[in-house]
Amino acid sequence: MLKLVLRRLLIAVPLLVAVSFALFVLMRLVPGDAAATIAGDRATPRVLDQVRARLGIDRPLHEQYFSWLGKAVRGDLGTSLFSSQPVARSIKDRLPATLSLTVAGMTLAIVLGVTAGMVAAQRAGSVADRLITATASLGLAVPTFWLGLLLIVTFTFRLEWLPPTGYSRFGDGVADWLRSITMPAIALGVPAASVLARQTRSALLEVMQRDFIRAARARGASRTSVMLKHGLKNAAAPIATVLALELISMLGGSVIIEALFNIAGLGDLTIGAVQERDLPVIQGVVMVVAIFVVLANLAVDIVYGYVNPRGRQG
């Protein structure tokens, strides 16, 4: 297992370098001039040249990239063009809110999705199975922002249970944190729960038809016991794959949810950076997200290696 993890980490290094280079080039192809934005519309050509020299964007592209990469591996992602604040510090300040939202949404998705999928698989063809399948399809069809608005209308304006916007840090009090994160987590987690429910049902139905499952049932074990002890473990690989994809999707979907619920996370930081064409901030955020994507894929590989020992050799 250790060899598998080390091998995947070694593969991740050139992958992240390739992503960083592609991102760096694409950012420079975006229309607009950061120097002109900073200097203002009335800036003279001489002033613009001075601003470009100060920002380092007057140098050849490869020099800019290797200078940025050398600093990035040391944790220096540059400085915001507009706030003059280190990008790493901005990300560090905003990351807890995004991670908190993502973890809460993913926890909700796993609990609801896997449980619903197990119930549907155990009672395949029943009314409960059809109801869960229909609900999962509805959860996939409802737009995230519309679900968020519906939650605000219901739990804030009608029931007056939860605050409509804002985020309270976990360290400031668990109760306040739960009140602030509940609706955003539901809006973010329901689509993922729907996907997980369908995938769990499908994977378990396939596993439960295998010979070793029939042998366990023939020895007198109940269907529920066999599903929990043997079914889930053997269905874990496809479920983990979908889980990793949904985690990546959540990181992207958090942009909309953070804007809707006024949460100062990476999504809010990214929107502001795009509007101001703050390239260092955009690059820093995307690289952080890319690292999380690599870690999510690594987690899937570990699950594969655990449930399928032959996969550890790959």
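Here, each number is a calculation from the coordinates, and none is a lab measurement. Fair warning: this is a prediction, and the values are worked out from it, not measured in the lab. When we count neighbours, we look across all protein chains shown, and the Cβ atoms used for this are built from the backbone with ideal geometry, even at glycine.
Among all the lysines, which ones have a C-alpha under 29 Å from residue 233's C-alpha, if same-chain residues fewer than 8 places away are not counted?
Leaving aside lysines fewer than 8 places away in the same chain, those within reach of residue 233 are 3.
Tilt of helix 61-72 relative to the longest C-alpha principal axis of the chain, in degrees (0 to 90, nearest 10)?
On a 0 to 90 degree scale, this one is about 60.
Would you work out the relative contact order for the chain, in percent, from Cα pairs under 8 angstrom that are 6 or more residues apart? Numbers along the way, then the final one.
On the way: 348 pairs, mean separation 82.5, N = 314.
So the answer I get is 26 percent.
Charges on Cβ only, +1 for Lys and Arg, -1 for Asp and Glu, centred on the Cα centroid of segment 91-313; of 260, 174, 300, which one is farthest towards the dipole's positive end?
300
Under the 0.36 nm per residue contour assumption, what length would be gained going from the current alpha-carbon distance of residue 219 and residue 302 to full extension?
Numbers: separation 83, 0.36 × 83 = 29.88 nm, distance 3.17 nm.
Gain on extension, residue 219 to residue 302, equals 26.7 nm.
In the chain, if the dipole is taken from +1 on Lys/Arg beta carbons and -1 on Asp/Glu beta carbons about the Cα centre, which of 67, 119, 290 is farthest to the positive end?
So the residue we want is 119.
Checking the cross-link filter: which lysines have an alpha carbon closer than 23 Å to that of residue 71, excluding same-chain neighbours under 8 positions apart?
Straight-distance partners of residue 71: 92.
About the Cα centre of the chain, what is the dipole size in debye to 20, counting +1 per Lys and Arg Cβ and -1 per Asp and Glu Cβ, all else neutral? Could the numbers behind the result be given before it?
Details: 31 positive and 19 negative charges, 285 e Å.
Computed charge dipole of the chain: roughly 1360 debye.
Which is the longest stretch in the chain that no exposed loop site breaks, taking sites as trypsin sites (Lys or Arg not before Pro) with a DSSP loop state and at most 11 other Cβ atoms within 10 Å?
Working: sites that count: 42, 74, 219.
No qualifying site falls inside 75-218, the longest such stretch.
Please arrange 103, 294, 87 by counting, for each residue, the other beta carbons lying within 10 Å of its beta carbon, fewest first.
Details: 103 14, 294 18, 87 27.
By the 10 Å Cβ count, ascending: 103, 294, 87.
When a/c is below 1.5 the answer is rounded, else prolate if a/b is larger than b/c, else oblate, so apply that to segment 139-198 with a ≥ b ≥ c taken from the square roots of the Cα gyration tensor eigenvalues.
Details: a/c = 2.80, a/b = 1.47, b/c = 1.91.
It is oblate, given that a/c is not under 1.5 and a/b is not larger than b/c.
With the Cα gyration tensor of the chain giving a ≥ b ≥ c as the square roots of its eigenvalues, does the rule (a/c under 1.5 for rounded; else a/b larger than b/c for prolate; else oblate) give rounded, prolate or oblate?
Here the chain falls in the oblate category.
Suppose every Lys and Arg Cβ carries +1 and every Asp and Glu Cβ carries -1, with no other charges. What dipole size does segment 157-290 come out with about its Cα centre, to the nearest 20 debye?
Details: 13 positive and 10 negative charges, 239 e Å.
So the dipole magnitude of segment 157-290 works out to roughly 1140 debye.
Which ³J(HN,Hα) values, rounded to whole Hz and listed in residue order, are derived for segment 258-273 from phi using the Karplus coefficients 6.51, -1.76 and 1.60 in 6.51 cos²θ - 1.76 cosθ + 1.60 with θ = phi - 60°, glycine and proline given as x?
Values per residue, Gly and Pro as x: 5, 5, 5, 9, 6, 9, 7, x, 5, x, 4, 5, 5, 4, x, 5 Hz.
Say R0 is 25 Å: what FRET efficiency, to the nearest 0.05, do residue 71 and residue 7 get from their beta-carbon distance?
On the way: r = 28 Å, r/R0 = 1.13.
Efficiency for this residue pair is about 0.35.
Please give the calculated 222 nm ellipticity per residue for the chain, where each DSSP H segment of at least 4 residues contributes -39500 (n - 2.57) and the sum is spread over every residue; nearest 500 deg cm²/dmol? Provide the component values of the computation, followed by the final result.
Numbers: 13 runs with 228 residues, N = 314.
After summing the helix terms and dividing by the residues of the chain, the value is -24500 deg cm²/dmol.
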